[in-house]
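Written below as structure tokens is the structure these notes are about.
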Amino acid sequence: TKYVIPDGVTSIGDMAFKHCTNLTEITISDGVTSIGDMAFSYCTSLIEVILPDSLTHIKSEAFEYCNALPEITIPNGVTSIGKYAFAHCDLLSSIVIPDSVAEIGSYAFLGTPWLALRQEENPFVIIPNGYKTIDEYMKIHGLGKGATLNIKNDLVQKTPPTPPQREEASEIDPLSSN
């Protein structure tokens with residue numbers, strides 16, 4: 001089933017299309033600025049999503065478990081992608097994230113082939129200009145507590161966490177009375 005969000009709609013509400021398992025294509029008309037929490041989650045047959053240039057926010061779990069979705073292009077103008085927004089999209093191997101995105105929630109791309117590929121690549125990862133939440137970036141890319149990111153221009157180098165240092169044991173003199 002194909003569906004076009006009609007003109008005049010400005011936001012897609014939370015869970016609006018959740019579990020619409022027969023939905024294969026969705027075109028969201030220009031004017032929509034926000035896609036709500038879980039709006040399209042579990043739309044397991046969804047293979048095409050066309051997002052409008054007016055879009056600014058993709059909220060938490062918006063497309064989670066859209067298992068058939070192979071690609072997504074986030075339009076320029078989107079400033080935030082919520083946590084788990086595209087998590088567990090088993091075929092999602094192509095994602096275009098524009099420079100306008102300033103915040104990506106935790107685990108936004110968890111379990112996608114796209115993220116797996118990024119994690120296998122060399123230690124330099126290009127992130128969009130203006131990216132502001134590096135700690136969220138670290139979570140998304142599987143960097144744990146204690147890891148650091150060295151930022152120079154648009155390049156981010158992953159550095160694994162340093163293991164905790166053991167305190168040097170002082171020598172004990174068994175013959176000492178103290």
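The values are calculated or read from the model by the stated rules, or taken from the named source; none is laboratory data. Computed from a predicted model, the values in this text were never measured in an experiment. Neighbour counts are summed over all protein chains in view; Cβ atoms, including those assigned to glycine, are modelled from backbone coordinates with ideal geometry. Only protein heavy atoms, including side chains, enter the accessible area calculation; ligands, DNA and RNA are left aside. Shrake-Rupley method; radii C 1.70, N 1.55, O 1.52, S 1.80 Å.
How many of the residues in the stretch 75-103 are more than 16 Å from Arg118 (Cα to Cα) and part of a loop (DSSP other than H, G, I, E, B)? Talk me through it step by step, then tell me what you get.
Taking the stretch 75-103 as the starting set, the residues that turn out to be more than 16 Å from Arg118 (Cα to Cα) are 75-85, 98-103.
Next, only the ones that are part of a loop (DSSP other than H, G, I, E, B) stay: 75, 77, 79, 82-85, 98-102.
Total meeting the criteria: 12.
Which residue out of Cys20, Cys43, Cys66 is touching a His at 6+ places or on another chain (Cβ under 8 Å) and at pLDDT 95 or above?
None of the other options fit; the residue is Cys43.
Could you list all residues from the stretch 53-74 that are open to solvent by less than 10 Å² (accessible area, probe 1.4 Å), more than 16 Å from Asp37 (Cα to Cα) and part of a loop (DSSP other than H, G, I, E, B)? Before the answer, list the steps.
Our first condition is that a residue be open to solvent by less than 10 Å² (accessible area, probe 1.4 Å); within the stretch 53-74, this holds for 55, 58, 62-63, 66, 69, 72, 74.
From what is left, the residues that are more than 16 Å from Asp37 (Cα to Cα) are 69, 72, 74.
The answer is Leu69, Ile74.
Quick check on my filter: what residues within the stretch 29-39 are within 17 Å of Phe86 (Cα to Cα) and either without any contact (Cβ under 8 Å) to a residue 40 or more places away in the chain or open to solvent by less than 50 Å² (accessible area, probe 1.4 Å) (or both)?
At the first step, the residues of the stretch 29-39 found to be within 17 Å of Phe86 (Cα to Cα) are 34-39.
Correct list: Ser34, Ile35, Gly36, Met38, Ala39.
Take Lys18 and decide whether it is closer than 15 Å to Ala85 by Cα and basic (Lys, Arg).
Taking the combined requirement at face value, the residue satisfies it.
For the stretch 78-93, indicate whether the set of residues that are open to solvent by 50 Å² or more (accessible area, probe 1.4 Å) and polar (S, T, N, Q) is non-empty.
Yes, because at least one residue in the stretch 78-93 is open to solvent by 50 Å² or more (accessible area, probe 1.4 Å) and polar (S, T, N, Q).
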